[in-house]
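Student: This is the structure I have questions about; it appears just below.
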Amino acid sequence: MNKEKIHCSRCLGTTTHSVEFETNTESHDDLDDLGRAIASSGVVYTVLKCDGCEHIVFRRRFWHTDMEPGESWECHTSWHPPLVSRQLPPWHRSLPATEERLLGEIYRALHGEAFTLAMMGLRALLDVYMVGKVGDQGGFTSKLKKLAEHGYLSAAQLELVEPAIEAGSAAAHRGFHPEPDAVVAVLELVELLLHQDLLGSKLKGAVDAVPPRKKK
Ligand SMILES: [Zn+2]
């Protein structure tokens, strides 16, 4: 059985995969005067299974005989399900319903390589989080200041969140197409705020459950 080293979306790294099935279609696009093929194209369909976790992925690769210089297989390859380098965090199910749904949709946009939509979604998620904390008053900047005043954000986080919001706003209004790394950086920051909030509520619940000392 043929082996290939490719990214595994479950192991979250490059692993050895076994080629379980492969087939190739071919069509002759151009014929010379004698009816001989001078250019052809086709698709190679491959099913691969990770040797580590047995996750299965389907690859579709288009090819043609007139490849331009610099053109590679990678330009014509699609995967189902899409190759994923980041998974929804396990704590997402503990989030309030709106935040959980938005975060799920952001990941689907990310995995579908819809980076502009993912960035717009992150801005919306940040807005939902801020309204939940300090109410719906004023624009993003005034909500941010209130978050910092109430201690939900440190000065260092405030410095990071402001450009994140700017990136989301540019994606929504000014045709900015963010790079995947930029989306992941903003995602990490927004997840940090949401997770911190969850841990805070959990901790408060635990502290409230501790019976008070009896007065002597
Ligand atoms: Zn795997």
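Please treat every number below as a calculation from the coordinates, not as lab data. Bear in mind that the values here come from a model prediction, so they are computed numbers and not experimental data. All Cβ positions, glycine included, derive from the backbone under ideal geometry; neighbour counts span all protein chains shown.
Student: Over segment 90-208, what relative contact order in percent results from Cα pairs under 8 Å that are six or more residues apart? Display every interim value, and only then the final one.
Tutor: Values: 91 pairs, mean separation 33.6, N = 119.
The normalised contact order for segment 90-208 reaches 28 percent.
Student: Please compute the Cα-Cα pair-distance distribution of the chain with 10 Å bins starting at 0, giving whole percents from short to long.
Tutor: 7, 23, 24, 19, 14, 8, 3, 1, 0, 0, 0
Student: Quick one: check the C-alpha center-to-center distance for segment 2-49 versus segment 171-198, whole angstrom.
Tutor: 35
Student: Under DSSP H, which helices of the chain have Cα atoms covering 15 Å or more of the helix axis and a Kyte-Doolittle average no less than -1.0? Can you show the working numbers first?
Tutor: On the way: long enough: 97-111 (21 Å, -0.37); 115-134 (28 Å, 1.26); 155-173 (27 Å, 0.47); 180-209 (43 Å, 0.78).
For the chain, where a helix must reach 15 Å along its axis and average at least -1.0, the hits are 97-111, 115-134, 155-173, 180-209.
Student: Of 11, 53, 75, which has the largest mean-square fluctuation in a 10 Å C-alpha GNM of the chain?
Tutor: 75
Student: Mind telling me which of 107, 45, 129 comes out most flexible in a GNM of the chain, alpha-carbon contacts under 10 Å?
Tutor: Result: 45 has the largest fluctuation of those listed.
Student: Using a basic spin-label model with each label point 7 Å from the Cα along Cα→Cβ, how many nm lie between residue 206 and residue 27?
Tutor: Result: 6.2 nm between the two label points.
Student: Further question on the same structure: For every helix of n ≥ 4 consecutive DSSP H residues, a contribution of -39,500 (n - 2.57) applies; sum these over the chain, divide by its total residues, and give [θ] at 222 nm rounded to the nearest 500 deg cm²/dmol.
Tutor: Values: 5 runs with 94 residues, N = 216.
Only helices count here, giving -15000 deg cm²/dmol.
Student: On to the next question. Would you mind giving the average projected area, over all directions, of the Cα convex hull of segment 90-208 in nm² with one decimal?
Tutor: For segment 90-208, averaging the hull's shadow over all directions gives 7.6 nm².
Student: Which one, 94, 41, 25, projects farthest toward the positive side of the charge dipole computed for segment 1-95 from Cβ point charges (K/R +1, D/E -1)?
Tutor: Going by the Cα projections, it comes out as 94.
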